[in-house]
1. Based on the Cβ-Cβ distance of Q30 and M57, what FRET efficiency does E = 1/(1 + (r/R0)^6) give at R0 = 41 Å, to the nearest 0.05?
2. How far, in degrees from 0 to 90, does helix 61-72 lean away from the longest principal axis of the Cα atoms of the chain, to the nearest 10?
3. D173 to W83: extension gain in nm, 0.36 nm per residue of separation minus the Cα-Cα distance?
4. Once you order the gyration tensor axes a ≥ b ≥ c over the Cα atoms, which shape class does the range 3-50 get: rounded for a/c under 1.5, otherwise prolate or oblate by comparing a/b with b/c?
5. Ranked from highest to lowest mean number of other Cβ atoms within 10 Å per residue, what is the order of the peptides 138-146, 91-99?
6. Before rounding to the nearest 500, sum -39500 (n - 2.57) across all DSSP H runs of length at least 4 in the chain and divide by the residue total; then give [θ] at 222 nm in deg cm²/dmol.
7. Hey, any idea what % of the range 1-101's accessible area is carbon plus sulfur with a 1.4 Å probe?
8. Of K170/K190; K69/K175; K121/K183; K121/K175; K13/K65, which sit over 30 Å apart, Cα to Cα?
Amino acid sequence: MKKILIINGHPNKDSFNFGIAKAYQDGALQSGAEVKEIVIADLNFNPNLQFGYQKRMELEPDLVKAWEKIQWADHLVWIHPVWWGGLPAITKGFIDRLFLPGFAFKYRENSVWWDKLLKGKTAHIITTLDQPGLYYRFFFGRPSVNQLRKSVLQFCGVKPVKVTYVGIIKTLDIKQREVWLEKIKLLGFKRK
């Protein structure tokens with residue numbers, strides 16, 4: 001049985017991202033997977049990595065529970081909007097506070113190399129856009145995907161990391177949203 005963790009990075013619970021998370025969860029549960037969820041907006045934590053890596057900040061209880069879920073999971077599903085080419089601030093803060101040396105990776109002494117502590121996990125990024133996915137990818141260079149996929153997940157050993165672009169959100173009517181939700185439910189069923 002695959003253990004899937006859905007990490008919802010949208011701060012607004014009325015957003016389409018929450019419908020996407022539910023659709024993915026429904027599909028995954030129908031396939032027999034075990035599913036847990038983190039709604040970053042529900043967590044009580046300081047998103048500011050105040051001292052960088054110079055001084056460790058104590059993890060709030062919600063971050064401790066979130067990290068336990070990340071360790072538990074085989075497959076991480078990240079759902080978030082793209083704002084100004086990047087991740088929402090709360091999602092970036094969640095990453096800054098949790099994906100730490102000694103947790104997600106470990107620097108090697110007297111070396112430029114590091115150990116990837118999340119090896120064996122896979123991921124899927126589902127991101128919503130107010131522009132065509134191809135435009136975001138080829139014209140802007142998909143900065144949010146590069147940050148999360150390459151600079152965070154793959155850096156820590158998570159691979160492969162698949163990506164699905166959903167949009168153009170601002171122009172989707174109800175029928176088009178329903179089509180997207182069915183596609184996402186199928187992704188969850190196939191556990192991708």
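1. The formula returns an efficiency of 0.55 here.
2. 80
3. Length difference between fully extended and current span is 30.3 nm.
4. Working: a/c = 3.85, a/b = 1.74, b/c = 2.21.
Taking the square roots of the gyration eigenvalues as a ≥ b ≥ c, the range 3-50 is oblate.
5. Working: 138-146: 14.9, 91-99: 20.2.
The peptides rank, most packed first, as 91-99, 138-146.
6. On the way: 5 runs with 60 residues, N = 192.
Mean residue ellipticity at 222 nm (helix-derived): -9500 deg cm²/dmol.
7. The value for the range 1-101 is 49 percent carbon and sulfur by accessible area.
8. Those over the limit are K69/K175; K121/K175.
The values are calculated or read from the model by the stated rules, or taken from the named source; none is laboratory data. Predicted model only: the values in this text are computed from it and were never measured. Heads up, the Cβs are rebuilt from the backbone with ideal geometry, glycines too, and the neighbour counts pull from every protein chain shown. Side chains included, ligands, DNA and RNA excluded: accessible areas come from the protein's heavy atoms. Shrake-Rupley method; radii C 1.70, N 1.55, O 1.52, S 1.80 Å.
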